[in-house]
Amino acid sequence: MRRIWSLSLAMWLMGTALAASDGAPSVAHALGGMTRPAPAAPFKNEPGAGELLLRAVGGLVFAGLAAFGAALVIRKVAPNLSFGNRNKRQIRIVESVRLSAKSQLILVQLADEELLLSEGEQGVQVLRSRAIDQPRQEEGAKPHV
């Protein structure tokens with residue numbers, strides 16, 4: 001396999017050398033003209049300092065707007081993402097009524113139980129607890145039949 005590869009490479013090099021030199025093979029032509037310098041490629045004009053500054057400022061503005069847009073999208077989408085039981089809250093404050101500057105009544109739903117709590121200067125006390133069989137109906141709402 002190695003012999004076939006080396007033979008085909010040698011034949012290709014000879015053919016390239018013959019085609020480039022019109023019948024007089026040379027090593028330089030076979031190697032792709034490595035002894036002759038390549039012609040200079042035409043370059044476009046170098047940008048001036050003003051154009052470079054404009055490009056830099058434009059790039060910064062674009063990057064800033066892209067970051068701002070990404071932050072807005074993340075802020076809009078992130079609250080709706082669900083990781084496990086994140087949206088299934090176990091504790092929910094149903095209602096809160098302030099009785100005075102230092103005390104209030106709080107109705108809390110904890111899983112399948114409702115607690116009526118009193119918060120005041122003496123701390124928090126449980127006034128009443130009951131199990132919830134069905135969802136609580138709002139005043140004026142028609143019951144489901």
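Some notes on this structure:
- When each of the peptides 62-69, 112-119 is scored by how many other beta carbons lie within 10 Å of its residues on average, the order from highest to lowest is 112-119, 62-69.
- Whether segment 91-131 is rounded, prolate or oblate, judged on the alpha carbon gyration tensor where a/c under 1.5 counts as rounded: prolate
- A simple packing score, the average count of other Cβ atoms within 10 Å per residue, orders the peptides 96-107, 49-60 as 96-107, 49-60, with the highest score first.
Each reported figure results from applying straightforward, stated rules to the coordinates on display, with no laboratory input. Computed from a predicted model, the values in this text were never measured in an experiment. Every residue, glycine as well, gets a Cβ built from its backbone with ideal geometry; the counts of neighbours run over all protein chains shown.
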